[in-house]
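> Okay, handing you the structure first.
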């Protein structure tokens, strides 16, 4: 699929509108996440994350993953620079030390990280997002002080083709019971986000949707 800055900007604008329409201010704590839309990097699906980053509206987050990329520090530095110039939040996945070195706004914890949390992630007032797939994960994320949860997969997604989707009903039920704000990830785009509206649902995280695919 040919990606252009204009196409990415159009899709990002639509996703931002869907995220703003979706966000709900009610919830156990009433806490508001610092952002309601996040671009999750995955170089296997979006080979040029810098292009998407340059198209994101102000206030969106970039959650930089690509854990096995040998150029991870250099790519992260470029994405961080774009984020600062454009007024975006920049979070580094799974590596609090790298997040500090790159001057990131926060850290994204993988599900496994929830059960062996790096205390560095919580010692410098960073934003901490957490990848969650269950009620247990959500409870653990809240217990260790995460800022928000990214709950997935909501719908079928090519990122994890063998994963069983939560579906809108179970997603809404889990989000409503969570003790921290929840973003929806997994096959979510501007056409189906409205099906997820409910208590404590605060926005959207996506990968392929920014490049013309499904969340």
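> Please compute the modelled spin-label separation between residue 177 and residue 58, points set 7 Å along Cα→Cβ, answer in nm with one decimal.
4.1 nm
> What is the distance in Å between the Cα centroid of the range 178-201 and that of the range 38-109?
So the separation of the two Cα centres works out to 22 Å.
> In nm, what is the difference between 0.36 nm times the number of residues separating residue 135 and residue 73 and their Cα-Cα distance?
My answer for the length gained is 19.0 nm.
> A further question follows. So what is the orientation-averaged projected area of the range 15-104, using the convex hull of its C-alpha atoms, in nm²?
6.5 nm²
> Here's a follow-up. Report Rg(Cα)/(2.2 N^0.38 Å) for the chain, keeping two decimals.
Compactness ratio reported: 0.92.
> Have a look at 48, 162, 132 and tell me which one the Gaussian network model of the chain (Cα, springs below 10 Å) gives the largest fluctuation.
Of 48, 162, 132, the most mobile in the Gaussian network model is 162.
> In nm, to one decimal, how far is the residue 156 label point from the residue 31 one, both placed 7 Å along Cα→Cβ?
3.5 nm
> Oh, and also: For the range 94-215, what size does the Cα cloud have along each of its three principal axes, sorted from largest down, in whole Å?
Extents along the principal axes, in whole Å: 38, 32, 25.
> Full extension from residue 85 to residue 143: what is 0.36 nm times the residue separation minus their Cα-Cα distance, to one decimal in nm?
17.5 nm
> Here is a follow-up. Which of 70, 168, 181 ends up with the largest GNM mean-square fluctuation for the chain, with Cα atoms connected below 10 Å?
70
> Still on this structure: Based solely on its DSSP helices, what 222 nm [θ] is calculated for the chain when runs of n ≥ 4 H residues each add -39,500 (n - 2.57) and the sum is averaged over all residues, nearest 500 deg cm²/dmol?
-9000 deg cm²/dmol
Values in this text are rule-based calculations from the coordinates and carry no lab data. Bear in mind that the values here come from a model prediction, so they are computed numbers and not experimental data. Note: ideal-geometry Cβ built from the backbone for every residue, glycine included; neighbour counts use all protein chains shown.
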